[in-house]
Structures are given as structure tokens and as C-alpha cells.
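What follows is a set of notes on a single structure, which appears directly below.
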Amino acid sequence: MNKTFLLLPALIILFGVSGVASVYAQAFGPADHLHGRHQQLEAALESGDYAAFSTLSADAPFASNLTPEVFDKLVQAHALIEADDMDGAKAIF
């Protein structure tokens, strides 16, 4: 199985967990470390900062598969997800 094929679901899970933590923090109290990390990961994707994204996701399950080329695909997929184009994002991987 293609390793990059596994990155999109892992990224969606990572952002999903961070999003849930953000909603929880707003309702029940701060979880700043999760919310802050999510914001930093998203900022790294939006700015195309591979070094920052790599550092922030060093302990993620997909970290060993992360390369500059894969990161470029993640940046493209993220932009499509933000534009509500899940099919386009899936097609990248």
C-alpha cells in the first residue's frame, strides 16, 4: 500500500482530534496545548512551512513517511479540504 495514501486519513484524524479538543475547551475549560498545536499545524500547512510542520508532527504516526514532496501534497489537500472539496483532496493521494 502506498505510504502517502495513509497520510491523508492520519492528517484528517489529527485535525479532527484537535477540533474536538477545541470544542471541548470552549465548553469545559482550556486545553491550550491541543488547540495551540492545531493552530500551529494549520498555520504551517497554510504557509507551506515544511520545517515547522515536521517539527510539530514529529511524534505523529505518519512522521516517518513525511517528506517535502508528501508535505506539498498535504498542503494541496488541506487547501482543497478548506474549500470543501474532499474528493479533490482524496484524489491527491
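The values are calculated or read from the model by the stated rules, or taken from the named source; none is laboratory data. Everything numeric in this text was worked out from a predicted model, so none of it was measured. Accessible surface areas use protein heavy atoms only, side chains included; no ligands, DNA or RNA. Shrake-Rupley method; radii C 1.70, N 1.55, O 1.52, S 1.80 Å.
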Item to check | Gain upon complete extension [Ser64, Ala83; 0.36 nm per residue less C-alpha separation] | outcome: 4.0 nm
Checklist entry - Got a number for the accessible area of Thr55? Probe 1.4 Å, square angstrom, nearest 10. => result 100
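Cα-based Rg of region 54-93 per 2.2 N^0.38 Å, rounded to two decimals?
Working: Rg = 10.9 Å, N = 40, 2.2 N^0.38 = 8.9 Å.
Taking N as the residue count of region 54-93, the ratio is 1.22.
For Asp49 and Arg37, compute 0.36 nm times the residue count separating them, minus their Cα-Cα distance, and round to one decimal in nm. Let's see the in-between values first.
Working: separation 12, 0.36 × 12 = 4.32 nm, distance 1.45 nm.
Length gained, Asp49 through Arg37: 2.9 nm.
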